[in-house]
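Below: the structure, in structure tokens.
The values are calculated or read from the model by the stated rules, or taken from the named source; none is laboratory data. Note that this is a predicted model, so its numbers are computed, not measured. Here the Cβ positions follow ideal geometry from the backbone for every residue, glycine too, while neighbour counts run over all protein chains shown. To get the accessible areas, we keep the full protein, side chains included, count just its heavy atoms, and leave off ligands, DNA and RNA. Shrake-Rupley method; radii C 1.70, N 1.55, O 1.52, S 1.80 Å.
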Amino acid sequence: MLATDEDDAPFLRTGFSRLAELIYLKADRDAFPTVPPDRLSFECPGTDDEPRFRQLLEATYQNTMDCPEVHRMLDIESTLASYRGQGGYDPRLWFVARDDDRDVGCLILAAHSAELWELVYMGLVPAARGRGLGQELVLQALWLAGQRDVAQLALAVDDANSPARAIYGRLGFAPFDELAIYMRPLNPRGAGK
């Protein structure tokens with residue numbers, strides 16, 4: 001990752017590709033709702049539910065606007081490992097979002113400290129998009145942070161993901177940094193098959 005105004009020529013010359021520009025946002029305690037959203041229910045998947053969570057997570061990446069090039073290059077195991085490798089990883093902050101009796105999305109949070117949480121990932125399956133449920137996922141994250149008396153909730157969003165950026169703006173998130181993502185696969189997905 002580089003600041004968006006840094007010279008990326010050395011990276012490009014050695015085979016790296018610029019995949020996305022991330023905008024870092026944060027919401028302070030005054031943006032946290034006092035009641036949970038009520039359109040979705042949320043469950044923490046246990047270890048027995050890991051295949052269910054993996055399948056749901058993978059489904060949320062279909063036609064995603066959030067760093068699609070990154071998701072095309074990484075398999076689901078690598079993605080899960082990167083989420084677990086986050087500072088503040090806590091499996092009790094990973095959720096399956098349900099609409100009635102259907103799994104429709106994922107919400108992954110990390111507790112970096114008592115003062116700062118991160119919304120690591122939120123996503124909906126394609127059939128659940130366009131119905132305002134993304135906002136419900138973010139409201140749940142904000143509400144949970146408020147319940148634990150966290151001071152700030154931070155996240156990164158792909159600059160090209162205008163639907164997510166609109167949600168974050170409506171819910172009180174403000175930008176504080178920008179970085180560009182570069183990647184060079186050592187073993188390209190599907191190589192050798």
Provide the per residue accessible area, probe 1.4 Å, for the chain, rounded to a whole number of square angstrom. 53 Å²
The chain: relative contact order in percent, alpha carbon pairs under 8 Å with at least 6 residues between: 40 percent
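What shape does the chain have by the C-alpha gyration tensor, where a ≥ b ≥ c are the square roots of the eigenvalues, rounded means a/c under 1.5, and otherwise prolate means a/b greater than b/c and oblate the rest?
Values: a/c = 1.77, a/b = 1.29, b/c = 1.37.
Since a/c reaches 1.5 but b/c is at least a/b, the shape of the chain is classed as oblate.
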quick shape note, the range 1-71: Cα extents on principal axes in Å, largest first -> 48, 37, 23
Heavy-atom accessible area ranking, 1.4 Å probe, most first, across Cys106, Cys44: Cys44, Cys106
Explain nothing, just compute: Karplus ³J(HN,Hα) = 6.51 cos²θ - 1.76 cosθ + 1.60, θ = phi - 60°, for every residue of the range 112-123 in order, whole Hz, x for Gly and Pro. 5, 6, 5, 9, 10, 10, 10, 8, 6, 7, 9, x
What is the distance in Å between the Cα centroid of the range 25-59 and that of the range 111-160? 8 Å
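How much net charge surrounds Arg29 when only other residues with a Cβ under 13 Å from its Cβ are counted (Lys, Arg +1; Asp, Glu -1)? Show your work: numbers first, answer last.
Working: positive: Lys26, Arg148; negative: Asp28, Asp30, Glu115, Asp149.
Around Arg29, the surrounding residues sum to -2.
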Percent relative contact order of the range 79-193, based on C-alpha pairs within less than 8 angstrom and at least six residues apart? 17 percent
For the range 89-193, what is the per residue volume of the convex hull drawn over the alpha-carbon atoms, in cubic angstrom? 166 Å³
Distance in nm between pseudo-label sites at Phe16 and Arg184 (7 Å out along the Cβ direction from Cα): 0.8 nm
Segment Gln55-Ala81, extension gain: residue separation times 0.36 nm, minus the distance between their alpha carbons: 7.9 nm
Can you give me the % of accessible surface on the chain that is carbon or sulfur? Probe 1.4 Å, all protein chains present, nothing else counted. 50 percent
Give me the net charge of Arg13's neighbourhood, meaning all other residues with Cβ under 12 Å from the Cβ of Arg13; Lys, Arg count +1, Asp, Glu -1. -1
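I need the peptides 90-96, 141-147 ranked by packing, meaning the mean over residues of other C-beta atoms within 10 angstrom, with the highest value on top. The partial results should precede the final answer.
Working: 90-96: 17.1, 141-147: 20.1.
Final packing ranking: 141-147, 90-96.
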